Amino acid sequence: MIEFDHVSKRYKDVVALDDVSLVVPSAEFTVMMGLSGSGKTTLLRTVNRMVTPTSGTIRIDGVDIATLNPITLRRSIGYVMQEGGLLPHKTAFENVRLIARIAGQSDVDARANATAMLSMVGIETAQFDRFPHQLSGGQQQRVGVARALATKPRILLMDEPFGAVDPIVREELQDELRRIQRELELTVLFVTHDRYEALRIADQLVVLSHGGHVEQRGTPATITGHPATEFVAKLVGVPWSG
Ligand code: ADP
Ligand code: MG
C-alpha cells in the first residue's frame, strides 16, 4: 500500500501539489487521471523519490520512504516513462539485462530474468537483438515494461506509458498489462489523461484537478455513474445533473 499523507510540492511560486492525501491499495491497478499540468507526474515521482515533497509524508507498507536509501528504494520500484527511455545504443535484451545486473542479480540470473520478462511482455526471441530504433513504438513500450519488471518490483509506476502508441496496439498493451498485473499481483500506479484508457484499465480511478487535488476516487463504474462534481463528469465524459 502506498499512502500519500498531506503531500505538497512547490517550485518557487508554482504549487505543483497542494496537500494531497491518497491511499493506493496493494495488488490493485490504480489510475490517476487529470488534465495536463494537474500534478500527475510530480505525484508519481514522489513515490520513488525522484521528486522530494516540500511537505508531507509518503509511506509504503507503513514505512516513511524519506527514511529509506533512495537508490535501494528506486530499485524496488518499476518506473515506465511515456517515451520508454530505452538506451538507444543497447539491444532490447541488453536494456533489460543491464537493469537486472545493476540491481545486483548474478549474470546468469539477469540473463534468465531478461529472457523471461521480454517473453512475458510479448517480445519474440528474434527481436531480442534489435536496437530500439528497429522496434515499433508499441514494441519499445513492451521492452520498457520488461525493463521495469526486471528487478522484480512489487510496485510499478507508469507515466502515460502508451501515449505515443496507436489505438489498436494500445488496447492490446492495456490488456496484457492487466494480465501481468494480476499474474504478478503488482501494485500499479498508472497516470493518463485519456479517459477511455483510464476507464478501461482501472480497478480504482482517481480523478485529479489542479495541484493534484483529489476530486473523486472509486471504481470506474461508480465514478461514471455518480460523478461527485461537474469537473469529474466532464473529465470522464458523462452528463452532469448537479
Ligand atoms: P502533469 O504530469 O499532470 O501534466 P506535472 O506534475 O508535470 O503535471 O506538473 C504540475 C505543475 O508543476 C505544472 O504547473 C508544471 O509546470 C510544474 N512543474 C513540474 N515540474 C516542475 C519543475 N521541475 N520546475 C518547475 N515547475 C515544475
Ligand atoms: Mg505528466
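Here are the numbers for this structure:
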read-out	value
By average C-beta atoms within 10 angstrom, highest first, the peptides 73-79, 205-211	205-211, 73-79
Highest average packing first - 167-176, 24-33, Cβ atoms within 10 Å	24-33, 167-176
Translational diffusion coefficient (Stokes-Einstein; Kirkwood radius from C-alpha pairs) of the chain at 25 °C, 0.890 mPa s, in µm²/s	133
Degrees separating the helix 107-120 axis from the principal Cα axis of the chain, which is the longest one	60
Total charge dipole magnitude, the chain, about the Cα centre, Cβ charges on Lys, Arg, Asp, Glu only, Debye to nearest 20	540
Tilt relative to the chain, helix 137-149 - C-alpha long axis, 0 to 90 degrees, to 10	90
Sequence-distant aspartates and glutamates (8 or more away, or on other chains) whose Cα lies within less than 13 Å of residue 90	129
Hz values of 3J(HN,Hα) by residue in segment 152-161 - Karplus curve (6.51, -1.76, 1.60), Gly and Pro given as x	6, x, 8, 10, 10, 9, 10, 9, 6, x
Mean Cα-pair separation over length for segment 130-192, i.e. relative contact order, pairs under 8 Å, 6 or more apart, %	43
Cβ-defined net charge surrounding residue 228, 14 Å radius [Lys, Arg +1; Asp, Glu -1]	0
Hypothetical label at residue 164: residues of segment 111-155 whose amide nitrogen lies under 14 Å (7 Å Cα-Cβ projection)	132-145
FRET efficiency for residue 35 and residue 111, using Cβ-Cβ distance with R0 set to 41 Å, rounded to 0.05	0.45
Likely footprinting exposure, 38, 241, fewest C-beta neighbours within 10 Å first	241, 38
Relative contact order [Cα under 8 Å, 6+ residues apart], segment 110-238, whole percent	17
For residue 79, net neighbour charge (Lys/Arg +1, Asp/Glu -1) across residues whose Cβ lies under 9 Å away	+1
Average Cα contact separation per residue, the chain, under 8 Å, 6 or more apart, as relative contact order %	27
By average C-beta atoms within 10 angstrom, highest first, the peptides 192-200, 40-48	40-48, 192-200
Extension gain (nm, one decimal) between residue 52 and residue 182, 0.36 nm per residue minus Cα-Cα	43.8 nm
Alpha carbon convex hull of segment 82-198, volume per residue in cubic angstrom	96
Computed lengthening from residue 102 to residue 11, 0.36 nm per intervening residue step minus Cα-Cα distance	29.6 nm
Angle between the chain longest axis and helix 92-102 axis [Cα atoms, degrees, rounded to 10]	80
Helix-derived mean residue ellipticity, 222 nm - over the chain, DSSP H n ≥ 4, -39500 (n - 2.57), to 500	-11000 deg cm²/dmol
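Values in this text are rule-based calculations from the coordinates and carry no lab data. Remember, it's a predicted structure, so these values are computed and weren't measured experimentally. Cβ atoms come from the backbone with ideal geometry, glycine included; neighbour counts cover every protein chain shown.
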